[in-house]
1. Report the full-extension gain for the segment Glu134 to Met160: residue separation times 0.36 nm, less the Cα-Cα distance, to one decimal in nm.
2. Sorted from largest down, what three extents in whole angstroms do the Cα atoms of the chain have along their principal axes?
3. Report, as a whole number in µm² per second, the diffusion coefficient that Stokes-Einstein gives for segment 28-98 at 4 °C and 1.567 mPa s using the Kirkwood radius over alpha carbon pairs.
4. Run through the DSSP bridge list for the chain and note the antiparallel percent, rounded to the nearest 5.
5. What are the ³J(HN,Hα) couplings of segment 7-15, residue after residue, when phi is run through the Karplus curve with 6.51, -1.76, 1.60 and θ = phi - 60°? Round to Hz, x for glycine and proline.
6. Mind checking which of Pro68, Leu172, Gly219 is farthest towards the positive end of the chain's charge dipole, using Cβ charges of +1 (Lys, Arg) and -1 (Asp, Glu) about the Cα centre?
7. List the Cys residues of the chain that have no partner Cys with a C-beta closer than 4.7 Å.
8. Taking R0 as 30 Å, what's the FRET efficiency between Asn57 and Asn104 from their Cβ-Cβ distance, rounded to 0.05?
Amino acid sequence: MAQYSKIVVLTGAGLSAESGLHTFRDKDGIWSKYDYREVATPEGYSRNPALVLNFYNERRRQNAHVKPNAAHIALTRLEAEYPGSVLTVTQNIDPLHEMAGAKNLIHMHGEIAKAFCTACRMRRKIGIADITLETVCPACSTAGKMRPDVVWFGEMPYEMDTIYDALGRCDLFISIGTSGTVYPAAGFVAEASRSGAHTVELNLEPSEGASEFKEAIHGRATEVVPAYVDRLLKT
Ligand code: BV8
């Protein structure tokens, strides 16, 4: 009999660090090079759209050559082999979970490989293509109104109803590679605890929300995540 029946996994930038993608708040992190108010807010986008489009074009190019690491692969194995349900909610906008075969996945902060038109709201996959002020929307033919389909500060993350419903029903909540700085994701552990779930943090170091977890295993994701998944699949 499996120990848990409904597992929710929350992942952050630390999960993709060993695939070569920068995190946000580590010493050489993205927010040490850019002011998030200029490149990750609607106000920044309306002030200087070219700066924001180039910020994401640069990150999209970095995403073009990355590969899932052992932690992404272990999470896909958990989803495929665990006798209960496993939902992965990622704050990451990279495609590494899907590349590792994840199916039951929510990108709550959007996806860098997608774009939408601010004129007609049409959404489309753009892969690794740049978005510029000359990019024309294929649906309404307006130029210069396409933006990355990512959730900026002050914008509502995606699929929050589904996420809160899953948090209210889960009996295991696993948080991986996130500093627990950004809400509402940083509040998920409290939601899971309220529904009586066991809560575990797998992170390089204690996150800002470390004290809210019942269990913590600190180390690199490519080491601690496969080991923890092995433990779950054996019980
Ligand atoms: C919203 C864009 C409301 C995409 C990002 C209270 C409640 C609700 C909101 C707020 C609140 N207080 C403040 C807010 C506002 C704000 C917020 O939380 N601000 C913070 C700074 C205080 N939140 C918002 O604005 C959110 N929206 O609340 O909307 C609303 C309501 C009604 C109607 C409309 C709106 C939107 C938040 C999303 C913002 N977008 N990015 C992109 O460019 O990627 S946030 C950005 O930070 C990323 O998306 C990222 O996902 C997110 C979290 O960062 P982490 O993933 O945790 O990365 P970080 O570098 O911080 O940490 C990495 C960790 O990994 C570290 O702990 C490190 O030790 C570890 N690590 C490193 N290497 C490894 C490792 N671990 C293991 N192995 C390794 N090898």
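Just so it is clear, none of the values below were taken in a lab; they were calculated from the coordinates. Predicted model only: the values in this text are computed from it and were never measured. Please note: Cβ atoms are built from the backbone with ideal geometry, for glycine as well, and neighbour counts cover all protein chains shown.
1. Details: separation 26, 0.36 × 26 = 9.36 nm, distance 3.30 nm.
Separation in residues times 0.36 nm, less the Cα-Cα distance, equals 6.1 nm.
2. 57, 36, 32
3. On the way: Rh = 14.6 Å.
In µm²/s, the coefficient rounds to 89.
4. Of all bridge pairs located within the chain, approximately 30 percent are antiparallel.
5. For segment 7-15, the Karplus curve yields 10, 10, 10, 10, 10, x, 4, x, 5 Hz.
6. Going by the charge dipole, the pick is Pro68.
7. Cys170
8. On the way: r = 30 Å, r/R0 = 1.00.
The pair Asn57/Asn104 has a calculated efficiency of 0.50.
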